[in-house]
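Reviewing the structure listed below.
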Amino acid sequence: MREETVGDAPQKEQEDLLYGRNAVWALLESQPRRCLKVWLAKGTRDPFRSRILDRCREAGIPLQELDGKGLERMLPGKVHQGVAARTAGVELLELREVLARIPPAPEPVLVVVLDHLEDPHNAGAIVRSAEAVGALAALLPLRRGALPTGAMVKASTGAALRLPLGRIGNVGQDLRLLQEAGLWVVGLEAQGERSLFETPLSPRMALVVGSEGKGLGRTTLQGCDEVLHIPMRGESGSLNGSVAAALGLYEWFRSVTPSSTFPGRA
(Lines give C-alpha, C1' and ligand atoms only; values in the text may rest on other atoms or scores of the structure.)
Protein backbone atom coordinates (compact mmCIF):
# COMPACT_ATOMS: atom_id res chain seq x y z
CA MET A 1 0.00 0.00 0.00
CA ARG A 2 1.29 3.45 -0.87
CA GLU A 3 0.34 6.02 1.73
CA GLU A 4 0.41 9.68 0.75
CA THR A 5 1.01 12.72 2.88
CA VAL A 6 -2.02 14.42 4.34
CA GLY A 7 -3.31 17.32 2.30
CA ASP A 8 -6.34 18.76 0.62
CA ALA A 9 -8.15 16.20 -1.48
CA PRO A 10 -8.23 16.90 -5.22
CA GLN A 11 -11.37 18.46 -6.61
CA LYS A 12 -12.68 15.92 -9.13
CA GLU A 13 -16.03 15.03 -10.55
CA GLN A 14 -18.42 14.00 -7.78
CA GLU A 15 -19.76 11.09 -9.81
CA ASP A 16 -16.40 9.35 -9.46
CA LEU A 17 -16.56 9.34 -5.65
CA LEU A 18 -18.03 6.67 -3.43
CA TYR A 19 -18.53 7.31 0.27
CA GLY A 20 -19.85 5.53 3.31
CA ARG A 21 -18.57 2.33 4.86
CA ASN A 22 -20.84 -0.12 3.07
CA ALA A 23 -20.30 1.39 -0.39
CA VAL A 24 -16.50 1.65 -0.09
CA TRP A 25 -16.11 -1.82 1.36
CA ALA A 26 -18.27 -3.32 -1.39
CA LEU A 27 -16.00 -1.69 -4.00
CA LEU A 28 -12.83 -2.97 -2.32
CA GLU A 29 -14.24 -6.46 -1.89
CA SER A 30 -15.84 -7.01 -5.29
CA GLN A 31 -14.06 -4.64 -7.74
CA PRO A 32 -10.70 -3.61 -6.25
CA ARG A 33 -9.23 -2.93 -9.70
CA ARG A 34 -11.71 -0.08 -10.15
CA CYS A 35 -10.59 1.59 -6.92
CA LEU A 36 -8.03 4.31 -7.59
CA LYS A 37 -7.62 5.72 -4.09
CA VAL A 38 -9.13 5.64 -0.61
CA TRP A 39 -9.42 8.49 1.89
CA LEU A 40 -9.87 7.62 5.55
CA ALA A 41 -10.60 10.00 8.42
CA LYS A 42 -7.87 10.24 11.04
CA GLY A 43 -8.68 8.91 14.45
CA THR A 44 -10.69 5.91 13.28
CA ARG A 45 -9.63 3.02 15.50
CA ASP A 46 -12.36 0.40 15.12
CA PRO A 47 -12.14 -2.95 13.23
CA PHE A 48 -13.34 -1.25 10.03
CA ARG A 49 -10.11 0.78 9.88
CA SER A 50 -8.01 -2.39 10.05
CA ARG A 51 -10.07 -4.05 7.32
CA ILE A 52 -9.65 -1.01 5.04
CA LEU A 53 -5.90 -0.77 5.66
CA ASP A 54 -5.34 -4.47 5.04
CA ARG A 55 -7.43 -4.50 1.86
CA CYS A 56 -5.67 -1.46 0.39
CA ARG A 57 -2.29 -2.96 1.23
CA GLU A 58 -3.18 -6.26 -0.44
CA ALA A 59 -4.52 -4.59 -3.58
CA GLY A 60 -1.83 -1.88 -3.85
CA ILE A 61 -4.38 0.92 -3.60
CA PRO A 62 -3.12 4.36 -2.50
CA LEU A 63 -4.58 5.47 0.84
CA GLN A 64 -4.53 8.93 2.39
CA GLU A 65 -5.60 9.84 5.89
CA LEU A 66 -7.35 13.20 6.26
CA ASP A 67 -8.34 15.24 9.27
CA GLY A 68 -12.01 15.66 10.08
CA LYS A 69 -12.42 18.66 7.79
CA GLY A 70 -10.76 17.03 4.79
CA LEU A 71 -13.62 14.70 3.97
CA GLU A 72 -16.13 17.48 4.64
CA ARG A 73 -14.45 19.59 1.97
CA MET A 74 -14.57 16.67 -0.46
CA LEU A 75 -18.17 15.76 0.29
CA PRO A 76 -19.99 18.77 1.73
CA GLY A 77 -23.24 17.79 3.36
CA LYS A 78 -22.75 14.05 2.71
CA VAL A 79 -22.88 11.29 5.33
CA HIS A 80 -19.46 9.82 4.50
CA GLN A 81 -18.89 7.89 7.76
CA GLY A 82 -15.20 8.74 7.66
CA VAL A 83 -14.29 7.06 4.37
CA ALA A 84 -14.40 7.78 0.63
CA ALA A 85 -12.97 6.23 -2.53
CA ARG A 86 -12.22 7.33 -6.08
CA THR A 87 -13.49 4.91 -8.70
CA ALA A 88 -12.24 4.27 -12.21
CA GLY A 89 -14.55 4.44 -15.18
CA VAL A 90 -13.21 1.04 -16.26
CA GLU A 91 -11.49 -1.91 -14.65
CA LEU A 92 -7.70 -1.58 -14.71
CA LEU A 93 -5.32 -4.41 -15.53
CA GLU A 94 -2.15 -5.12 -13.60
CA LEU A 95 1.04 -4.65 -15.60
CA ARG A 96 1.75 -8.40 -15.56
CA GLU A 97 -1.60 -8.97 -17.27
CA VAL A 98 -0.69 -6.49 -20.01
CA LEU A 99 2.73 -8.12 -20.46
CA ALA A 100 1.07 -11.51 -20.82
CA ARG A 101 -0.89 -10.16 -23.80
CA ILE A 102 2.19 -9.14 -25.79
CA PRO A 103 2.27 -11.28 -28.96
CA PRO A 104 5.44 -13.15 -29.92
CA ALA A 105 8.02 -11.53 -32.21
CA PRO A 106 8.08 -10.39 -34.92
CA GLU A 107 4.43 -9.30 -34.73
CA PRO A 108 4.20 -5.49 -34.27
CA VAL A 109 2.97 -4.30 -30.91
CA LEU A 110 2.55 -0.87 -29.33
CA VAL A 111 1.98 0.07 -25.69
CA VAL A 112 1.36 3.69 -24.67
CA VAL A 113 2.57 5.00 -21.30
CA LEU A 114 1.25 8.28 -19.88
CA ASP A 115 3.65 10.07 -17.57
CA HIS A 116 2.92 13.38 -15.80
CA LEU A 117 -0.17 13.88 -17.95
CA GLU A 118 -2.74 15.29 -15.54
CA ASP A 119 -5.63 16.45 -17.73
CA PRO A 120 -8.26 13.68 -18.10
CA HIS A 121 -9.45 15.14 -21.41
CA ASN A 122 -5.94 14.96 -22.88
CA ALA A 123 -5.57 11.44 -21.52
CA GLY A 124 -8.90 10.42 -23.03
CA ALA A 125 -7.89 11.83 -26.40
CA ILE A 126 -4.64 9.84 -26.29
CA VAL A 127 -6.51 6.65 -25.47
CA ARG A 128 -8.80 7.33 -28.44
CA SER A 129 -5.81 7.72 -30.78
CA ALA A 130 -4.09 4.66 -29.32
CA GLU A 131 -7.15 2.52 -29.90
CA ALA A 132 -7.42 3.87 -33.46
CA VAL A 133 -3.90 2.68 -34.41
CA GLY A 134 -4.36 -0.73 -32.81
CA ALA A 135 -2.25 -0.29 -29.66
CA LEU A 136 -2.21 -3.23 -27.26
CA ALA A 137 -2.87 -1.12 -24.15
CA ALA A 138 -2.38 2.23 -22.42
CA LEU A 139 -0.66 2.36 -19.04
CA LEU A 140 -1.48 5.01 -16.45
CA PRO A 141 0.32 5.81 -13.20
CA LEU A 142 -2.10 6.19 -10.29
CA ARG A 143 -0.01 8.98 -8.77
CA ARG A 144 0.87 12.29 -10.44
CA GLY A 145 -1.17 11.54 -13.52
CA ALA A 146 -4.65 11.68 -15.00
CA LEU A 147 -6.87 9.01 -13.49
CA PRO A 148 -9.19 6.87 -15.61
CA THR A 149 -12.35 8.40 -14.18
CA GLY A 150 -15.64 8.90 -15.97
CA ALA A 151 -14.37 12.18 -17.41
CA MET A 152 -11.46 10.44 -19.11
CA VAL A 153 -13.65 7.64 -20.44
CA LYS A 154 -16.06 10.22 -21.84
CA ALA A 155 -13.22 12.19 -23.48
CA SER A 156 -12.06 8.99 -25.19
CA THR A 157 -15.51 8.71 -26.84
CA GLY A 158 -15.74 5.13 -25.66
CA ALA A 159 -12.27 3.99 -26.72
CA ALA A 160 -11.34 3.44 -23.06
CA LEU A 161 -14.03 0.75 -22.96
CA ARG A 162 -12.33 -1.10 -25.84
CA LEU A 163 -8.61 -0.51 -25.32
CA PRO A 164 -7.18 -2.31 -22.28
CA LEU A 165 -5.97 0.12 -19.62
CA GLY A 166 -3.32 -0.87 -17.10
CA ARG A 167 -2.18 0.61 -13.81
CA ILE A 168 1.47 1.22 -13.05
CA GLY A 169 3.17 2.34 -9.87
CA ASN A 170 6.83 3.19 -10.43
CA VAL A 171 7.12 4.34 -14.06
CA GLY A 172 10.89 3.88 -14.28
CA GLN A 173 10.73 0.37 -12.86
CA ASP A 174 7.83 -0.63 -15.06
CA LEU A 175 9.61 0.65 -18.17
CA ARG A 176 12.34 -1.89 -17.41
CA LEU A 177 9.72 -4.63 -17.34
CA LEU A 178 8.49 -3.51 -20.77
CA GLN A 179 12.07 -3.63 -22.05
CA GLU A 180 12.53 -7.12 -20.61
CA ALA A 181 9.38 -8.11 -22.50
CA GLY A 182 11.11 -7.11 -25.75
CA LEU A 183 9.73 -3.61 -26.31
CA TRP A 184 11.87 -0.63 -27.36
CA VAL A 185 10.95 2.29 -25.09
CA VAL A 186 10.69 5.66 -26.86
CA GLY A 187 9.98 8.89 -25.00
CA LEU A 188 8.56 12.03 -26.62
CA GLU A 189 10.19 15.14 -25.21
CA ALA A 190 10.92 18.63 -26.54
CA GLN A 191 14.61 18.17 -25.70
CA GLY A 192 14.92 14.81 -27.47
CA GLU A 193 18.13 14.32 -29.43
CA ARG A 194 16.59 13.33 -32.75
CA SER A 195 13.40 14.07 -34.65
CA LEU A 196 10.49 11.65 -34.52
CA PHE A 197 10.26 11.84 -38.31
CA GLU A 198 13.88 10.99 -39.13
CA THR A 199 14.20 8.01 -36.80
CA PRO A 200 13.05 4.51 -37.79
CA LEU A 201 10.63 3.28 -35.13
CA SER A 202 10.71 -0.23 -33.79
CA PRO A 203 7.65 -2.31 -34.69
CA ARG A 204 7.64 -3.54 -31.08
CA MET A 205 7.58 -0.36 -29.06
CA ALA A 206 6.40 1.42 -25.94
CA LEU A 207 5.68 5.12 -26.52
CA VAL A 208 5.99 7.30 -23.41
CA VAL A 209 4.17 10.64 -23.42
CA GLY A 210 4.28 13.43 -20.84
CA SER A 211 2.46 16.72 -20.43
CA GLU A 212 3.16 19.84 -22.46
CA GLY A 213 4.14 21.66 -19.26
CA LYS A 214 6.16 19.16 -17.22
CA GLY A 215 7.23 16.79 -19.97
CA LEU A 216 8.66 13.45 -18.88
CA GLY A 217 9.93 12.89 -15.35
CA ARG A 218 13.65 12.50 -14.71
CA THR A 219 13.52 8.79 -13.88
CA THR A 220 11.23 8.23 -16.86
CA LEU A 221 13.74 9.88 -19.19
CA GLN A 222 16.50 7.71 -17.76
CA GLY A 223 14.40 4.60 -18.38
CA CYS A 224 13.82 5.26 -22.09
CA ASP A 225 15.93 3.57 -24.77
CA GLU A 226 15.77 6.79 -26.77
CA VAL A 227 14.07 10.18 -26.51
CA LEU A 228 12.74 11.91 -29.64
CA HIS A 229 11.35 15.37 -30.29
CA ILE A 230 8.70 16.66 -32.68
CA PRO A 231 10.18 19.43 -34.85
CA MET A 232 8.44 22.82 -34.72
CA ARG A 233 8.87 26.11 -36.57
CA GLY A 234 6.56 28.30 -34.54
CA GLU A 235 7.16 29.86 -31.14
CA SER A 236 4.68 27.85 -29.08
CA GLY A 237 7.47 25.83 -27.50
CA SER A 238 5.45 22.63 -27.12
CA LEU A 239 2.40 20.84 -28.42
CA ASN A 240 -0.68 19.79 -26.52
CA GLY A 241 0.03 16.37 -24.99
CA SER A 242 -2.69 14.60 -26.93
CA VAL A 243 -1.55 16.16 -30.22
CA ALA A 244 2.06 15.11 -29.63
CA ALA A 245 0.94 11.61 -28.73
CA ALA A 246 -1.22 11.32 -31.86
CA LEU A 247 1.74 12.27 -34.05
CA GLY A 248 3.90 9.64 -32.39
CA LEU A 249 1.20 6.99 -32.57
CA TYR A 250 0.52 7.55 -36.24
CA GLU A 251 4.20 7.68 -37.11
CA TRP A 252 4.47 4.18 -35.61
CA PHE A 253 1.30 3.11 -37.43
CA ARG A 254 2.66 4.42 -40.75
CA SER A 255 6.00 2.64 -40.24
CA VAL A 256 4.45 -0.79 -39.57
CA THR A 257 1.55 -0.64 -42.03
CA PRO A 258 2.14 -1.31 -45.74
CA SER A 259 0.81 1.60 -47.80
CA SER A 260 -1.34 -0.75 -49.84
CA THR A 261 -3.32 -1.75 -46.74
CA PHE A 262 -4.07 1.70 -45.32
CA PRO A 263 -7.77 2.04 -44.51
CA GLY A 264 -9.52 4.51 -46.75
CA ARG A 265 -11.44 6.42 -44.10
CA ALA A 266 -10.76 9.10 -41.52
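A few notes on this one:
- Filter result for Leu142 (within 8 Å of the chain's Cα centre (by Cα), within 20 Å of Leu99 (Cα to Cα) and modelled with pLDDT under 85): yes
- Inside the stretch 27-54, residues that are more than 19 Å from Arg143 (Cβ to Cβ) and among the basic types (Lys, Arg) make up a count of 4.
- Residue match in the stretch 141-151 (condition: surrounded by 21 or more Cβ atoms within 10 Å (Cβ to Cβ), of a type in the set (Gly, Ala, Ser) and touching a Pro at 6+ places or on another chain (Cβ under 9 Å)): yes
- Meets criteria (crowded, with 24+ Cβ neighbours inside 10 Å and either out of contact with any helix residue (DSSP H, G or I) (no Cβ under 9 Å at 6 or more places or on another chain) or under 20 Å from Gly169 (Cβ atoms) (or both)) for Pro120: yes
- Residues that are among the acidic types (Asp, Glu) and more than 24 Å from Val38 (Cβ to Cβ) within the stretch 123-180 comprise Glu131, Glu180, listed in sequence order.
- Residues that are loosely packed, with under 15 Cβ neighbours inside 10 Å and of a type in the set (Gly, Ala, Ser) within the stretch 197-248 comprise Gly213, Gly234, Ser236, Gly237, listed in sequence order.
Results for (1) touching a Cys at 6+ places or on another chain (Cβ under 7 Å); (2) within 20 Å of Cys224 (Cβ to Cβ), shown as yes or no for each residue.
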{"position": "Thr87", "(1), (2)": "yes, no"}
{"position": "Leu93", "(1), (2)": "no, no"}
{"position": "Arg101", "(1), (2)": "no, no"}
{"position": "Pro104", "(1), (2)": "no, no"}
{"position": "His116", "(1), (2)": "no, yes"}
{"position": "Pro120", "(1), (2)": "no, no"}
{"position": "Ala132", "(1), (2)": "no, no"}
{"position": "Ala138", "(1), (2)": "no, yes"}
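- Conditions (1) touching a residue at least 60 places away in the same chain (Cβ under 8 Å); (2) of a type in the set (Asp, Glu); (3) farther than 24 Å from Arg101 by Cα: number failed by Asp174: (3)
- Meets criteria (more than 14 Å from the chain's Cα centre (by Cα), modelled with pLDDT of 95 or more and of a type in the set (Asp, Glu)) for Glu131: yes
- So Gly213, is it out of contact with any strand residue (DSSP E or B) (no Cβ under 8 Å at 6 or more places or on another chain) and at positive phi: no
- In this structure, Glu97 does not qualify as open to solvent by 20 Å² or more (accessible area, probe 1.4 Å) and either closer than 30 Å to Pro47 by Cβ or touching a helix residue (DSSP H, G or I) at 6+ places or on another chain (Cβ under 6 Å) (or both).
The values are calculated or read from the model by the stated rules, or taken from the named source; none is laboratory data. Quick caveat: nothing in here was measured; it's all calculated off a predicted structure. Please note: Cβ atoms are built from the backbone with ideal geometry, for glycine as well, and neighbour counts cover all protein chains shown. Areas reflect the complete protein model, heavy atoms only, side chains present, ligands, DNA and RNA absent. Shrake-Rupley method; radii C 1.70, N 1.55, O 1.52, S 1.80 Å.
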